[in-house]
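Some notes on the structure that comes next.
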Amino acid sequence: MASDCRRLSDRYEQLAELARTELALVRAGEWEKLAELDANRQALMAQLPERAPQDALPALDRTAELQRQVSAELAKAIAIVKQQLGRIERGRGAVRGYAPSLERRKLVDSAG
């Protein structure tokens, strides 16, 4: 019984460790690795009971705090990408202004 509780407690610690890893990946901009991490987290969470035991609360608190940091970092990254996309769009408009105007060719002559 004690070993079962310990294994369960270890899973909550693993959850906190995954959140720590996720934060490091987000800060490093390693977006492609996040999907695999999320799959690992989902598999781990599927092994957890519906209601966490009392001794899991410290690990869950750490996990929640790390997830808040992940969310803040992702919000910053999204804002940066939006800025970059806005610059690209404005740049496209400016470049179009330098394009030569195309004279429309008549496909039918005046004789009809």
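Side notes on the structure shown:
- A search for C-beta distances below 6 Å between a residue of region 58-71 that is within 16 Å of residue 27 (Cα to Cα) and any residue that is of a type in the set (Lys, Arg) and not in a helix (DSSP H, G or I), counting only pairs 6+ apart in sequence or on different chains, returns nothing.
- For residue 61, the stated conditions do not hold, so it cannot be described as in contact with a Ser or Thr (Cβ under 7 Å, 6 or more places away or on another chain), part of a helix (DSSP H, G or I) and exposed (fewer than 14 other Cβ atoms within 10 Å of the Cβ).
Throughout, read-outs are computed from the coordinates displayed, never taken from laboratory work. Note that the coordinates shown come from a computational prediction; the quantities given were computed from them, not determined experimentally. Backbone-built Cβ (ideal geometry, glycine too); neighbour counts: all protein chains shown.
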